[in-house]
Amino acid sequence: MSETKNSKNNRATKTASGNKSAKSRNPFKKRWVRISIAALMIAIAITGVVLIVMFAADAFFFRNEHFTLRHIVVKSPGWWNGRSEKVGSILELTVNRDNLFSIDIGKKRMALEAIPSIGQVAIKRVLPDTLVIEIIGKIPRAVLYNRRSKWLINDSGIVMDRDNCVNISRELPVIYGLNLNRALKAGMELKNASQALELTVLVLRYHHEIKLLTINIRDPKFMDIKLLYGSNRGVYSVKMPKKDLSFMMIKLKNALRQARLAGEKKRIVNMTYSGKVIFSERR
């Protein structure tokens with residue numbers, strides 16, 4: 001009997017200790033559950049606030065007639081200035097319909113900068129109903145083929161459409177003899193015109209007495225140039241190598257100055273002999 005009582009007491013003791021250990025573990029489990037529930041409630045609350053803000057923003061900004069596009073203002077120091085209707089058409093904007101905040105300014109800027117005659121673009125919203133677009137255009141340096149051509153080219157060799165550029169084609173030299181195997185189109189890069197363009201930039205920056213009229217680049221080694229010098233309206237025909245253009249232009253200008261002082265009437269100039277400047281009646 002005593003042994004039976006002892007075994008029962010032992011089992012009771014083990015059961016009591018087990019219950020105590022279980023109770024001792026329960027607070028941690030309950031704390032973890034409470035923390036999880038609290039975190040979930042916070043996440044739900046934050047999500048709710050975000051959704052409320054989104055719906056409120058949509059209602060206040062994107063569906064508010066107060067922010068309907070009413071005006072497109074285009075500012076530019078060049079050809080694009082004031083051409084709001086043309087720019088709006090390019091960007092597919094509709095006045096009195098589009099919402100000012102629904103317009104993706106980044107995409108619209110990239111669309112304009114993809115036009116070959118445009119260099120830099122800045123677009124900003126002016127509340128409540130105006131889109132201001134600032135455009136810096138690329139400057140054409142020459143006409144391609146002939147004076148009536150619609151194709152111009154900038155100093156980077158990019159072809160531009162005359163209809164999207166400042167109208168200064170009468171003041172630009174004509175580059176021809178391109179030897180192209182494909183039709184010209186806006187945005188093309190003409191690498192074979194690089195020397196002729198370098199020449200136009202040199203004249204523009206350092207040789208104001210010279211006015212370039214035409215540049216024939218058909219020959220792979222030489223350029224045939226027609227130009228005016230100073231107040232003398234007689235046209236000079238110059239054959240010049242396509243290399244060392246800065247040095248060649250200094251030599252040519254000095255030779256033209258000396259020829260004018262000496263009363264030289266010859267208009268044919270050959271610079272193909274080791275950079276020497278030779279005047280003649282004919283080539």
State the number of residues belonging to segment 80-90 that are surrounded by fewer than 18 Cβ atoms within 10 Å (Cβ to Cβ) and in a loop (DSSP other than H, G, I, E, B).
3
State whether one or more residues within segment 246-263 are closer than 22 Å to Arg147 by Cβ and of a type outside the set (Gly, Ala, Ser).
no
Which is at pLDDT 55 or above, of a type in the set (D, E, K, R) and either under 30 Å from Thr130 (Cβ atoms) or in contact with a Pro (Cβ under 6 Å, 6 or more places away or on another chain) (or both), of Lys30, Lys86?
Lys86
In segment 112-146, which residues are surrounded by fewer than 16 Cβ atoms within 10 Å (Cβ to Cβ) and not in a strand (DSSP E or B)?
Glu113, Ala114, Leu127, Pro128, Tyr145, Asn146
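Rundown of residues vs (1) among the acidic types (Asp, Glu); (2) modelled with pLDDT of 90 or more; (3) under 23 Å from Asn81 (Cβ atoms); (4) touching a Gly at 6+ places or on another chain (Cβ under 6 Å), yes/no style:
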| position | (1), (2), (3), (4) |
| --- | --- |
| Ile123 | no, yes, yes, no |
| Thr130 | no, yes, yes, no |
| Asp161 | yes, yes, yes, no |
| Asn164 | no, no, yes, no |
| Ile175 | no, yes, no, no |
| Arg182 | no, no, no, no |
| Met188 | no, yes, no, no |
| Leu199 | no, yes, no, no |
| Leu212 | no, yes, no, no |
Could you grab the pairs with beta carbons closer than 7 Å, sequence gap of 6+ or different chains, first residue in segment 114-128 and in the same structural domain as Asp104 (by TED's automatic domain parsing), second one outside any strand (DSSP E or B) and among the small types (Gly, Ala, Ser)?
Pro116/Ala186; Pro116/Gly187
Would you check if there is a residue in segment 157-164 being at positive phi and not assigned by TED's automatic domain parsing to the domain that holds Leu91?
yes
Every residue in segment 164-208 that is surrounded by fewer than 12 Cβ atoms within 10 Å (Cβ to Cβ) and part of a helix (DSSP H, G or I), please.
Arg170, Glu171, Lys191, Arg205
Name the residue, out of Ile175, Ile168, that is over 20 Å from Asp224 (Cβ atoms), assigned by TED's automatic domain parsing to the domain that holds Ser246 and free of Cβ contacts under 8 Å to residues at least 60 places away in the same chain.
Ile168
Selection within segment 231-274 - among the small types (Gly, Ala, Ser), exposed (fewer than 14 other Cβ atoms within 10 Å of the Cβ) and either within 21 Å of Arg218 (Cβ to Cβ) or at pLDDT below 95 (or both):
Ser231, Gly234, Ala262, Gly263, Ser274
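The values are calculated or read from the model by the stated rules, or taken from the named source; none is laboratory data. Every value quoted in this text rests on a predicted model; they were computed, and no experiment measured them. Glycine gets a Cβ as well: all are built from the backbone with ideal geometry, and neighbour counts include every protein chain shown.
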